[in-house]
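Accompanying notes for the structure given below.
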Amino acid sequence: MAKVTSISLNICSFYTFVIQNGNLTNKNLYNKIQSKQTASLVVCLLMLLFILLRATSLNAQTTKNKEKNENYFIETKVHYGFIIKHHKKIGHLQSGHFSAFELSAGFETFGKNSWDKLYHYPTIGCAFWYSDLAKSSYLGSAYAFYPYMKFHLINQTKFASNLRFGIGLGYLSKKFDRYNNYKGVAIGSHINAAISLLFETSWKINSQLSINTGIGLTHFSNGAYNTPNLGINIPTLNVGSLWHLSKKQSKIIENPLPLQNKKYEFNTFIAFGVKEMYPPLSKKYFTCSYSEIFYKLNKHKSKYGLGLDFFYNTGNLTVLRLPTNDFNANVSIIRIGVSLAYEQVYNHLSFLIQTGPYIRSRDKTDGSIYTRIGLRYAISNHWYMNLSLKTHFGKADHIECGLGFKI
């Protein structure tokens, strides 16, 4: 614990000196700092994209190594939707209904990966999404690129009902700017995370063509890396068509899952992040967390357990008006929490959710309950990468990335 605190203090001091020092009222310096912030956010989001694309490519490689996969497809969708007024400050951003267009490619699994059967042979792909947002003067146009998984709720010969989830990179051509776009209060960065949730029904026309319709939700946010970060939520109705590049593979291959001798698992990881607080273009604050989770394994598909979490956030010094260079003050802001944890596993990739109360916290301004939602990618039998979003009652606090170990 002492080592974690020492590392946090050293990095925080360096970051404060290099990034936060200076006169922020100068426009040239403002633009320079914004460029540095965008570059850092891009690195974090590219890590997210790497985790997702790596997991997707491993599934494809497993399939290719055994025999040719004939289930590749291309798909197009047309969306029609609007921006939800989820906060009173963004009402002026609603400029009417608009169209969005989506192009995706992927493949349907059929058992060549031993994990496919557990999830009823899901579809895996990557999508590109675009909309002009009704030519918004404050948001510009929106672009998104994200890997996704599509799970079959009903899968019959001629009819299917599916749930699709994707997460990746988003880009808005306009963002908040104190000089040129001070009314664009939804997002403070060009580069963002893009999250897509879609429910669809599809009908098979012939052996290669199917049509579909559904409802979806697309979300853009930067996880409070740059304020403002109210986020953009876009619900849509959509229609589309899917074309298999060759005749669909109908044979299901039975592959046994690897033996699982363990009933329990111990995880530990450390993660780092950077956040802003209001008002926009305030200082950047360093965050660090250390967690330990004891899991009960539920076969190959999931695990649940109890966690002990330590959080260090230099923003708490500002909220509590404590000196930044005082060791005792820095130690006093360390938060300790206990949490319930659940992890859904698909091969090397897993989805994590943790939530629980703080049992030690001087700063009470954001409540007593915290939640962590994230992705993990196993790089070996014991080591994994972690990328997660910490929130308080649904409000993003910061994005964190780090490294973990499990036994």
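Things worth noting here:
- Selection status of F327, over 25 Å from N386 (Cβ atoms) and not aliphatic (A, V, I, L, M): yes
- Residue match in the range 339-353 (condition: β-branched (V, I, T) and in contact with a Leu (Cβ under 8 Å, 6 or more places away or on another chain)): no
- Scanning the range 151-164 for residues that are without any contact (Cβ under 8 Å) to a residue 40 or more places away in the chain and touching a Ser or Thr at 6+ places or on another chain (Cβ under 6 Å) yields L153, I154.
- Subset of the range 89-124 [farther than 29 Å from F176 by Cβ, assigned to a strand (DSSP E or B) and in contact (Cβ under 8 Å) with a residue 60 or more places away in the chain]: E108, I124
- Residue in the range 173-188 that is at pLDDT 90 or above, of a type outside the set (S, T, N, Q) and more than 19 Å from G91 (Cα to Cα) present: no
- Every residue from the range 311-347 that is among the basic types (K, R) and either within 14 Å of D397 (Cβ to Cβ) or not assigned by TED's automatic domain parsing to the domain that holds N381 (or both): R335
- Filter result for T365 (in a strand (DSSP E or B) and either in contact with a Cys (Cβ under 6 Å, 6 or more places away or on another chain) or hydroxyl-bearing (S, T, Y) (or both)): no
- One residue stands out among those in the range 253-291 that are charged (D, E, K, R) and part of a loop (DSSP other than H, G, I, E, B): the one that is nearest to S339 (Cα to Cα), which is K263.
- Across the range 301-341, the number of residues qualifying as free of Cβ contacts under 8 Å to residues at least 40 places away in the same chain, within 20 Å of P357 (Cβ to Cβ) and not in a strand (DSSP E or B) comes to 2.
- Condition check for K175: under 16 Å from I83 (Cα atoms), surrounded by 22 or more Cβ atoms within 10 Å (Cβ to Cβ), in the same structural domain as V78 (by TED's automatic domain parsing) and of a type in the set (D, E, K, R): yes
- Here I369 qualifies as modelled with pLDDT of 95 or more and touching a Pro at 6+ places or on another chain (Cβ under 8 Å).
- Those residues of the range 116-145 which are under 23 Å from the mean Cα position of the chain (by Cα) and of a type in the set (A, V, I, L, M), in sequence order: I124, A127, L133, L139, A142, A144
- Residues that are closer than 16 Å to G184 by Cα and among the small types (G, A, S) were ranked within the range 70-95; the one that is surrounded by the most Cβ atoms within 10 Å (Cβ to Cβ) is S95.
- Residue match in the range 270-291 (condition: aromatic (F, W, Y), closer than 30 Å to S114 by Cβ and crowded, with 20+ Cβ neighbours inside 10 Å): no
- Hits in the range 190-247 - residues which are out of contact with any strand residue (DSSP E or B) (no Cβ under 7 Å at 6 or more places or on another chain) and in a strand (DSSP E or B): none
- For the range 374-407, the set of residues classified as within 15 Å of T355 (Cα to Cα), in contact with a strand residue (DSSP E or B) (Cβ under 7 Å, 6 or more places away or on another chain) and in a loop (DSSP other than H, G, I, E, B) consists of F393 only.
The values are calculated or read from the model by the stated rules, or taken from the named source; none is laboratory data. These numbers come from a predicted model, not from an experiment. Every residue, glycine among them, receives a Cβ derived from its backbone with ideal geometry; neighbour counts consider all protein chains shown.
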